[in-house]
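What follows is a set of notes on a single structure, which appears directly below.
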Amino acid sequence: MNFEKLMRNVEKRNMSAYFAKDKEEAVKTAVEIIENARAGAGKDKEDITVAWGGSVTLDETGIKDALAREGYSTFNPYDHPAKEQAKAKKMALLADIFLTSTNAITEDGELVNIDGNGNRVAAMIYGPDKVIYIIGRNKVTDTVENAYKRIKEVTCPKNAVRLGRKTPCASKECTPCLICGQTMCSHTVITRFSSVKGRVHIIFVDEELGY
């Protein structure tokens with residue numbers, strides 16, 4: 001994996017890139033980015049809100065617990081009862097900082113994501129002042145076409161099983177299903193450039209993380 005070239009390609013797309021040898025270093029880097037954002041805004045830790053969308057990668061890194069230990073104000077939409085989650089997910093779009101991973105990223109630096117509800121990709125695009133991606137080496141593909149292939153063959157099936165979805169991909173058979181409340185590939189987003197300098201921060205981890 002040529003991380004140096006990958007990071008250069010990300011930087012040319014107006015996004016900041018970082019390298020971490022493992023998930024512990026990735027968490028440390030993410031906390032440093034958040035702390036710099038806090039200091040730059042002249043706010044106390046409890047006045048900076050950090051939110052996130054659903055992400056196995058984030059769960060595997062332990063960053064949520066790390067932020068709680070550091071004293072930051074965190075907002076987890078999934079802590080709310082099911083009937084309140086739609087409102088909670090909208091509130092996450094107002095967070096100062098949004099944590100996420102990606103379904104795939106090309107060697108040329110394009111982020112490729114597929115979403116069911118759209119709240120995760122919405123925050124990637126617009127809303128939070130800063131977005132921090134933590135991306136394992138297993139998410140890197142050579143082309144956009146292979147990014148789609150990876151998502152359809154690896155990411156969606158695993159997430160369908162994890163979430164208990166009644167979709168064809170839950171049995172590893174990807175078809176263009178149209179099932180209300182179940183379909184996982186409602187929205188497809190390619191991020192090829194950040195229009196706001198300093199908003200998007202991508203931490204590459206030399207480990208396999210998430211789906």
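Since every read-out is calculated from the coordinates, none of them should be taken as a lab result. Quick caveat: nothing in here was measured; it's all calculated off a predicted structure. Neighbour counts run over all protein chains shown; Cβ positions are idealised from the backbone, glycine included.
Key figures
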{"item": "FRET E, pair residue 69, residue 93, Förster distance 22 Å, beta-carbon r, rounded to 0.05", "result": "0.30"}
{"item": "Amide H contacts under 5 Å for residue 49, placed H, 5+ residues apart", "result": "96, 97"}
{"item": "Antiparallel DSSP beta bridges within the chain, percent to nearest 5", "result": "25 percent"}
{"item": "Relative contact order (%) - criterion: Cα under 8 Å, at least six apart; region: the chain", "result": "30 percent"}
{"item": "Karplus 3J(HN,Hα) series, Hz, for the stretch 62-78 with 6.51 cos²θ - 1.76 cosθ + 1.60 (x for Gly, Pro)", "result": "x, 5, 4, 5, 4, 5, 5, 5, 6, x, 7, 7, 10, 10, 10, x, 7"}
{"item": "Whichever lysines have a C-alpha closer than 18 Å to that of residue 23, once near sequence neighbours (fewer than 8 apart) are set aside", "result": "64, 139"}
{"item": "Compactness of the stretch 3-205 as Cα Rg over 2.2 N^0.38 Å, two decimals", "result": "1.00"}
{"item": "Net lengthening on full extension, residue 35/residue 193 (0.36 nm per residue, minus Cα-Cα)", "result": "54.4 nm"}
{"item": "Förster-model FRET efficiency, 25 Å R0, residue 19 and residue 145, C-beta, rounded to 0.05", "result": "0.45"}
{"item": "Quotient of C-alpha Rg and 2.2 N^0.38 Å, computed over the stretch 122-170", "result": "1.41"}
{"item": "From phi via Karplus (6.51, -1.76, 1.60), per-residue ³J(HN,Hα) for the stretch 94-105 in Hz, x at Gly/Pro", "result": "9, 5, 5, 9, 10, 9, 6, 10, 9, 6, 6, 9"}
{"item": "Expected 222 nm ellipticity per residue - DSSP helices of 4 or more, -39500 (n - 2.57), all of the chain, to 500", "result": "-9500 deg cm²/dmol"}
{"item": "Residue 59 versus residue 47: modelled label distance in nm, points set 7 Å from Cα along the beta carbon direction", "result": "3.5 nm"}
{"item": "Of the chymotrypsin sites (Phe, Trp or Tyr not before Pro) in the stretch 20-77, those whose Cβ has at most 12 other Cβ within 10 Å and which sit in DSSP loop", "result": "none"}
{"item": "Beta bridges per DSSP with both ends in the stretch 52-169, % antiparallel, nearest 5", "result": "20 percent"}
